[in-house]
Number of protein chains: 2
Amino acid sequence: MSHKSTLPPKTTDVMQALMQVALGAEPADLVVLNADLVNVYTGEIQQGMGVAVKGPWIARVSAEVKDTVGPTTRVIDAAGRTIVPGLIDGHTHLAWICTAAEFVPFAAAAGVTTVVTETLEPYPVAGLAGVLDFLDSFRGQPIRILATAPAMVSISAAAKGVSAGDLNLLMQREDILGLGESYWQSVLQEPETYLPSFQRAHQAGKLLEGHTAGASEKKLAAYVAAGVTSCHEPIDAEQVLARLRLGVHVMAREGSIRRDLEAISRIRSTGVDLRRLILASDGASPQDLMQGKYMDGVLRKAMACGFAPVEAVRMATLNVAEHFRLDGILGGIAPGRLADMVLLPDLAAFKPETVVCNGEVIFEDGRLLKAPRRHAFSTRSLNTVNLPRRLSPSDFAIRSQAAAAAARVRVIEMVTDLVTAERHLDLPVSNGELMADPANGLCKIAAVDRTHGHGKQFTGFIKGFGLTRGAAACSAAWDTSDIVVVGANDADMACAVNRLADLQGGAALSEGGCILAEIPMPIFGLASDLPVAALAARLEGLKQAMARLGVAFPDPLLSLNTLTGAAIPYLRICEEGLVNLKDGKTLGLFAP
Amino acid sequence: MSHKSTLPPKTTDVMQALMQVALGAEPADLVVLNADLVNVYTGEIQQGMGVAVKGPWIARVSAEVKDTVGPTTRVIDAAGRTIVPGLIDGHTHLAWICTAAEFVPFAAAAGVTTVVTETLEPYPVAGLAGVLDFLDSFRGQPIRILATAPAMVSISAAAKGVSAGDLNLLMQREDILGLGESYWQSVLQEPETYLPSFQRAHQAGKLLEGHTAGASEKKLAAYVAAGVTSCHEPIDAEQVLARLRLGVHVMAREGSIRRDLEAISRIRSTGVDLRRLILASDGASPQDLMQGKYMDGVLRKAMACGFAPVEAVRMATLNVAEHFRLDGILGGIAPGRLADMVLLPDLAAFKPETVVCNGEVIFEDGRLLKAPRRHAFSTRSLNTVNLPRRLSPSDFAIRSQAAAAAARVRVIEMVTDLVTAERHLDLPVSNGELMADPANGLCKIAAVDRTHGHGKQFTGFIKGFGLTRGAAACSAAWDTSDIVVVGANDADMACAVNRLADLQGGAALSEGGCILAEIPMPIFGLASDLPVAALAARLEGLKQAMARLGVAFPDPLLSLNTLTGAAIPYLRICEEGLVNLKDGKTLGLFAP
């Protein structure tokens, strides 16, 4: 089992070897000469510096390292180049859409040598075994991929929380840095559900990653008091300042979900200390990866927003490592740290020329030099869509309870592409049924449990999704074990969901009994093994097909998948019913 | 067993209670109102702030906390006061001279709520049981005392290193934060002796505290490459900068051993980031404690040296907590942190008025409100001077090997009060013996093992110690299990050492067969249970008595005890012989 993707141990032999190289008594494996070194510890740019590397470790950083060059030492003359520590993306979601093997080349090209990913997506659909398989897929990759354990805040009882046994096992792993994001509202609403996991993380000496979107004052204090030490949700400088003042490590999110860095960058005008400000992606879409908007792009954006280059570099290196208590081995170019380094022809332009991870040159002149490992996911991980039978249109019929001509129902209303409101509408009853009215913006929405074999489902209404014909379904419904489907008619809803069962997961768009577009995602029903470029094209195709059916959201799959999510206000759906996140209570379709 | 002196666990019940207080649903135990709060995270001073405390923890920090005041809540109106986090002394030596019970009132009065002490002194003379007894003496104290495990760099084989079993046991304790200081020269000279302990600390996920006095470039890199992450030895800004650049947490030492802060403060002119600069005492003498020179004095000095008040506070709070990876619970005033706070009428004057530790007011208006606990040390800890028989003057006789009229010997020459040189002198042989010549500054020096029962000893010569008559002995000889004695004649050397056997440790000054001054130190032969004031007077008396015998050093006991030390250059003595730290080799008396 390769150590390359995790944290190599510092044994006596390793220390001896490092000391010998540092002393000039033994040659280094790799030496960088003549670099302008961004010293993240002091904030200086030191000119004419060298770095001597032995195995995966840095042995000496000094203006004088030529004495460590031996006959087989690889020498990189970095004259005219700036060298910075390998970037760390401290919060992302690698279970979504593409595999680590396909993601890694883009990360390496961006200068990213360490990623910390959530594991909350595989857990509800594939359990501990799924998470372990997911973690296994990171081993032997050219870059280091670390993770957090699933906190599993969910609106669905079937997906809520993580078992003590599973969490204790995960907390023993060195590649699990803490408990992943837990949405603050739910923690405050159901402390008895989530605090036991907090306690297990505390006991294991691990971190609690936070999610404080919209929290302030008393509620923010209550959540932070439980020991949460990070948040990637603030959207402006004021929210950042409120969290920095509480000692929270704040991750300025600049990724495919949201781009908050520009608004957050106004924090600079306050003059406060920014040692706890971090740059993170929270996930990068295939399209964004293709367009160079990953962490190298984030660094460029940070500098464009006025952060000094050294400060920007720190926000993606030392500050992240300090948050994760890994600064003894990551986040800076110094003796005893892992040799993760990025050579840049121009610091401000931030276009990585050479990337070193664990002492190996993994990227050079636009080419990945070390092949990613294609992981063979287990049969179980590849078969996660488990419906008891094929669905028929009648499975999405909604019968009125009463004999009246109209019924008052709760409707999910799209307020933005992500935020929803709870709206109560009086719908006509036709032959004892309530119908979608796509011409007036009213579709049906259903959440179908795809995991537990019983196919439990709940069907309701959604307004403002835009679909005028057909149906769109996806098996990557956030925070649940569900397929989520929105449709203009019951038949296309059944068609789309049945197609996902055939594909063992993915996204499908149906109309008139035909599949107009689809993306197979057989890995946990969450990810494809297609290359990033192909996925970007498929996603774009799906988006255009959905647009033709009336959906105008910038990322229609995101809009669809978040409808089951437990973090974005307000009215959400799962296989048990509707849930208004204001109080977290499960609601029926019919309003009083 | 009280948790007050260590780290209380954050259980679900604790988190629930904190959240209820933060939300204003339950009253706080203690509330501070209207304070100017030094926010170490942002660097701001926030005016009109309140802090709500529940048990030992902070629940809410906000301008608005009055809603947490209940009928039994203690309220402190801090109008006109500044509140800062409790100070942390990140490197000190509590085994020397006074007990924790006597030290703690001075620490509390200085605003210190956390101390990290070495344990290297009890280990060679009382073993693991002694270290555990020492650690037990910290329990139930009004302030929090944490520790590092002994690294045991020593010039004596009997005291060198720490056993795997002992170290593994210590590393499992949460109050042991890492491996204590290891002197770099010895680590580089004998890596096979010391690196196994490094590896054990790494495996346990603990820190390696460093000691890099005089190291630079390659040697400094070699030591840091092994994973050492702190150093308290730099004496000027240039040395500090060299270490900060390597990512080392640098402790600016301002204590009774040395006062380096003023020279180090010139680092400010470089403009480098100081997040890794820390203030530490490295030990405070009873005299300094009496004179207010502990951490409150260090803070005043830092501000006098030009550090902005907030920066100075950070150097003794957040920066220290971050180094020890305890910033999730210590080092700042924020929700979820332990309620350690200091109220100051005037930040710049830094005279603590009220000190809160673990949520309890422990010091107020010049009075300690919570009594320190007097620890009942074990019989073993109180009986550590174990000589096989009473010594006689002839035990200190030095016989010449040859029949010649003179013999060339290695002599310890005092260069400063602490630094020595190896000097070779031709001494006359009289009746086959080599004699001290106090009139010409030449005394005898002996190191006598007091621990292992065999009384193994080595006697040599020392020049420049100043003693013209009598002998001075002490059982707190650094880094060894020895009594060290310097004498103008053999009879007084025997007299002084025998007195230490009677006292079971301490310091004794003899002349003409009489004891002129003495300080009993029965606790490990290292510490007295006298109050600090009494000890300061006794030390002053001993110093004056030694001055009358010709010793002019500022701290003559320190000069005596360090003669066996493994860190201060160059020629040292232990029961096995002389050792020149340049190469660490044990030498005989007779020079070639």
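Some observations on this one:
- Residues that are more than 7 Å from every other protein chain (Cβ to nearest Cβ) and more than 27 Å from the chain's Cα centre (by Cα), drawn from the range B:324-346: B:Pro345, B:Asp346
- Residues of the range B:159-168 satisfying the condition of being touching a strand residue (DSSP E or B) at 6+ places or on another chain (Cβ under 9 Å) and over 17 Å from B:Asn561 (Cα atoms): B:Val162, B:Asp166, B:Leu167
- Scope the range B:228-248; condition of a type outside the set (D, E, K, R) and either farther than 22 Å from A:Ala59 by Cβ or open to solvent by less than 10 Å² (accessible area, probe 1.4 Å) (or both); matching residues: B:Val228, B:Ser230, B:Cys231, B:His232, B:Pro234, B:Ile235, B:Ala237, B:Val240, B:Leu244, B:Gly247, B:Val248
- Some residue of the range B:491-506 being without any contact (Cβ under 8 Å) to a residue 24 or more places away in the chain and in contact with a strand residue (DSSP E or B) (Cβ under 8 Å, 6 or more places away or on another chain): yes
- Residues that are more than 14 Å from chain A (Cβ to nearest Cβ), under 25 Å from B:Asp327 (Cβ atoms) and not acidic (Asp, Glu) within the range B:269-296 comprise B:Leu279, B:Ala280, B:Ser281, B:Gly283, B:Ala284, B:Tyr294, B:Met295, listed in sequence order.
- Test for A:Met414: is it modelled with pLDDT of 95 or more and over 19 Å from A:Phe396 (Cα atoms): yes
- Only strands (runs of 3 or more DSSP E) whose full extent lies in the range B:330-370 are considered here, and the ones with at least 1 residues that are within 24 Å of B:Thr12 (Cα to Cα), open to solvent by 10 Å² or more (accessible area, probe 1.4 Å) and not polar (S, T, N, Q) are B:360-364.
- Restricting the range A:249-280 to residues that are in contact with a Lys or Arg (Cβ under 7 Å, 6 or more places away or on another chain) and within 30 Å of A:Gln203 (Cα to Cα), the residue that is surrounded by the fewest Cβ atoms within 10 Å (Cβ to Cβ): A:Arg275
- Within the range A:1-25, being at pLDDT below 95, polar (S, T, N, Q) and open to solvent by 40 Å² or more (accessible area, probe 1.4 Å) holds for one residue alone: A:Ser2.
- Residue count for the range B:38-49 satisfying the condition of being buried (at least 23 other Cβ atoms within 10 Å of the Cβ) and either more than 9 Å from chain A (Cβ to nearest Cβ) or within 15 Å of A:Tyr223 (Cα to Cα) (or both): 2.
- Selected residue [surrounded by 18 or more Cβ atoms within 10 Å (Cβ to Cβ), part of a strand (DSSP E or B) and either within 14 Å of chain A (Cβ to nearest Cβ) or within 35 Å of the chain's Cα centre (by Cα) (or both)] from B:Ala28, B:Ala52: B:Ala52
- Within the range A:393-424, the set of residues being open to solvent by 40 Å² or more (accessible area, probe 1.4 Å) and not in a strand (DSSP E or B) comprises A:Pro393, A:Ser394, A:Gln401, A:Ala402, A:Ala403, A:Ala404, A:Ala405, A:Val415, A:Thr416, A:Asp417, A:Val419.
The rows are residues; the columns are (1) closer than 30 Å to A:Ile45 by Cα; (2) over 18 Å from the mean Cα position of the chain (by Cα); (3) open to solvent by 10 Å² or more (accessible area, probe 1.4 Å).
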residue: A:Gly210; (1), (2), (3): no, no, no
residue: A:Ala222; (1), (2), (3): no, yes, no
residue: A:Asp288; (1), (2), (3): no, no, yes
residue: A:Gly292; (1), (2), (3): yes, no, yes
residue: A:Gly306; (1), (2), (3): yes, yes, yes
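- Any hit, the range A:535-544, residues being open to solvent by less than 50 Å² (accessible area, probe 1.4 Å) and in contact with a Lys or Arg (Cβ under 8 Å, 6 or more places away or on another chain): no
- Restricting attention to the range B:257-287, the residues that are touching a Gly at 6+ places or on another chain (Cβ under 7 Å), farther than 25 Å from A:Arg337 by Cβ and modelled with pLDDT of 95 or more total 6.
- Residue list for the range B:308-329, restricted to those being assigned to a loop (DSSP other than H, G, I, E, B), small (Gly, Ala, Ser) and open to solvent by less than 10 Å² (accessible area, probe 1.4 Å): B:Ala316
- Counting only strands (runs of 3 or more DSSP E) that fall entirely inside the range B:490-579 and contain at least 1 residues that are among the hydroxyl-bearing types (Ser, Thr, Tyr), the qualifying elements are B:506-511.
- Of the strands (runs of 3 or more DSSP E) contained entirely in the range A:429-477, those carrying at least 3 residues that are of a type outside the set (Val, Ile, Thr) and under 27 Å from the mean Cα position of the chain (by Cα) fall at A:442-449, A:471-474.
- If the condition is being more than 30 Å from B:Pro531 (Cβ to Cβ) and open to solvent by less than 40 Å² (accessible area, probe 1.4 Å), then the range B:371-391 contributes only B:Leu391.
Table: residues versus (1) touching a residue at least 12 places away in the same chain (Cβ under 8 Å); (2) within 14 Å of chain B (Cβ to nearest Cβ); (3) among the polar types (S, T, N, Q); (4) more than 30 Å from A:Ala157 (Cβ to Cβ).
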{"residue": "A:Ala59", "(1), (2), (3), (4)": "yes, yes, no, yes"}
{"residue": "A:Val75", "(1), (2), (3), (4)": "yes, no, no, yes"}
{"residue": "A:Val104", "(1), (2), (3), (4)": "yes, no, no, yes"}
{"residue": "A:Ala129", "(1), (2), (3), (4)": "yes, no, no, no"}
{"residue": "A:Phe134", "(1), (2), (3), (4)": "yes, no, no, no"}
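- Annotation: B:Lys160 fulfils all but one of (1) more than 9 Å from every other protein chain (Cβ to nearest Cβ); (2) within 30 Å of B:Thr270 (Cα to Cα); (3) in contact with a Ser or Thr (Cβ under 8 Å, 6 or more places away or on another chain); the unmet one is (2).
The rows are residues; the columns are (1) assigned to a loop (DSSP other than H, G, I, E, B); (2) touching a residue at least 40 places away in the same chain (Cβ under 8 Å); (3) within 30 Å of B:Ala308 (Cα to Cα).
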| site | (1), (2), (3) |
| --- | --- |
| B:Gly80 | yes, yes, yes |
| B:Ala108 | no, yes, yes |
| B:Val115 | no, no, yes |
| B:Ile145 | no, yes, yes |
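- Taking the range B:433-492 as the range and being basic (Lys, Arg) and open to solvent by less than 30 Å² (accessible area, probe 1.4 Å) as the test, the residues that pass are B:Lys444, B:Arg450.
- The single condition among (1) polar (S, T, N, Q); (2) part of a loop (DSSP other than H, G, I, E, B); (3) modelled with pLDDT of 95 or more that B:Gln47 does not satisfy is (2).
- Counting the residues of the range A:545-588 that are open to solvent by 10 Å² or more (accessible area, probe 1.4 Å), of a type outside the set (Val, Ile, Thr) and under 28 Å from A:Ser400 (Cβ atoms) gives 11.
- Number of the exception - B:Val272 against (1) assigned to a loop (DSSP other than H, G, I, E, B); (2) more than 21 Å from A:Tyr41 (Cα to Cα); (3) of a type in the set (Val, Ile, Thr): (2)
The values are calculated or read from the model by the stated rules, or taken from the named source; none is laboratory data. These numbers were taken from a predicted model, which means no experiment stands behind them. FYI the Cβ positions are ideal-geometry reconstructions off the backbone, even for glycines, and counts take in every protein chain you see. These area figures cover heavy atoms from the full protein model, side chains too; ligands, DNA and RNA do not enter into them. Shrake-Rupley method; radii C 1.70, N 1.55, O 1.52, S 1.80 Å.
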